[in-house]
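Since the structure comes first, as structure tokens, the remarks are kept for the end.
The values are calculated or read from the model by the stated rules, or taken from the named source; none is laboratory data. Keep in mind the model is a prediction, meaning the values are calculated, not measured. Cβ coordinates were reconstructed from backbone atoms using ideal geometry, including for glycine residues, and neighbour counts include every protein chain displayed. Surface accessibility is based on the protein's heavy atoms, side chains included, excluding ligands, DNA and RNA. Shrake-Rupley method; radii C 1.70, N 1.55, O 1.52, S 1.80 Å.
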Amino acid sequence: MTEANVQAFLAANHDCFAPEQIFNVKSSLEKMDDSKLPIIQSITFRSTTLVILLAVLVPFLDNFFVGKPAAGIFKILTAYGLGIWWIVDMCTAKKRTYTYNYKKFLSIAY
């Protein structure tokens, strides 16, 4: 993929990945054929801000949003661990979103 396309993708999506993942994303994009460019550009990544808001306001929904429905159901059934899971989810929402986005990118890239 051309350097201009790589830079355009990173400029548009840099906040969807953890800083330590950016290098791997850039490397993957540089190795990719230009034929995958429309597919890569059409990916909709999850917003970290939205996931954090969901974790705070509607605790179980954030798990469904980042592809962990079993965890969401478990947490609902256990009454959110009497609030313990709610605190854990608020603290890990950003990391879980980065992980979800990175896995989604890798599933398309390879």
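Table for the structure above
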quantity: Residue list for the stretch 62-100, restricted to those being more than 21 Å from CYS16 (Cα to Cα) and in contact with a Pro (Cβ under 8 Å, 6 or more places away or on another chain); calculated: LYS75, TYR80, TRP85, TRP86
quantity: Matching entry among VAL51, VAL66 (being closer than 30 Å to MET32 by Cβ and in contact with an Asp or Glu (Cβ under 6 Å, 6 or more places away or on another chain)); calculated: VAL51
quantity: The stretch 1-45 - residue that is open to solvent by less than 60 Å² (accessible area, probe 1.4 Å) and not in a helix (DSSP H, G or I) and, of those, farthest from ILE87 (Cα to Cα); calculated: MET1
quantity: Tally, over the stretch 46-61, of residues that are open to solvent by 40 Å² or more (accessible area, probe 1.4 Å) and either in a loop (DSSP other than H, G, I, E, B) or under 21 Å from HIS14 (Cα atoms) (or both); calculated: 8
quantity: Check on ILE108, surrounded by fewer than 13 Cβ atoms within 10 Å (Cβ to Cβ), β-branched (Val, Ile, Thr) and assigned to a helix (DSSP H, G or I); calculated: no
quantity: Residue match in the stretch 68-83 (condition: hydroxyl-bearing (Ser, Thr, Tyr), assigned to a helix (DSSP H, G or I), surrounded by fewer than 19 Cβ atoms within 10 Å (Cβ to Cβ) and modelled with pLDDT under 90); calculated: yes
